[in-house]
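Everything on this sheet refers to the single structure shown next.
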Amino acid sequence: MTISRTRERLGGAVLLAVGLWLTVYGWHAAAAQGWFNPAGALFGPAGIVLGAALLAVPGYRTERTARGEDISALQGWALLTPRWRVVTALALGLGALNWLLIEVGRAPDLFS
């Protein structure tokens with residue numbers, strides 16, 4: 001099933017907006033209330049990266065089908081194109097870094 005480029009961009013815009021909200025809210029909650037949602041801290045920046053990538057370039061399925069590749073037997077990591085593997089690794093890495101920075105930033109509050 002192919003998705004139109006317009007729908008990919010719309011999905012990217014939604015992912016970007018939700019990722020921004022999760023990231024900002026996570027930092028706000030950690031600073032103002034001393035707690036944060038670890039899943040939000042991880043997936044906020046990941047949503048930003050994935051959303052921005054979908055706005056800029058076609059999705060991995062679209063890339064593969066446009067080249068005429070048969071993707072019916074592919075799944076998981078093998079389905080991703082090299083570009084989307086880099087985007088995914090960057091998204092997960094930035095999410096982990098965000099989580100770590102929030103956790104370290106609130107560490108003094110844990111011992112007070």
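Of note:
- Normalised by the number of residues in the range 25-112, the mean separation of alpha-carbon contacts (under 8 Å, six or more apart) gives a relative contact order of 43 percent.
- Extension gain, residue 78 to residue 33, is 12.0 nm, computed as 0.36 nm per intervening residue step minus the present C-alpha separation.
- Counted over all Cα-Cα pairs of the chain, pairs farther apart than 21 Å make up 45 percent.
- Cut-off 17 Å, label 7 Å out along Cα→Cβ of residue 70, residues of the range 1-41 by amide N: 1
Coordinate-derived values only; no laboratory data. This one's a predicted model, so the numbers in the text were calculated from it and none came from an experiment. Here the Cβ is made from the backbone with ideal geometry for all residues, glycine too, and neighbour counts use every protein chain on show.
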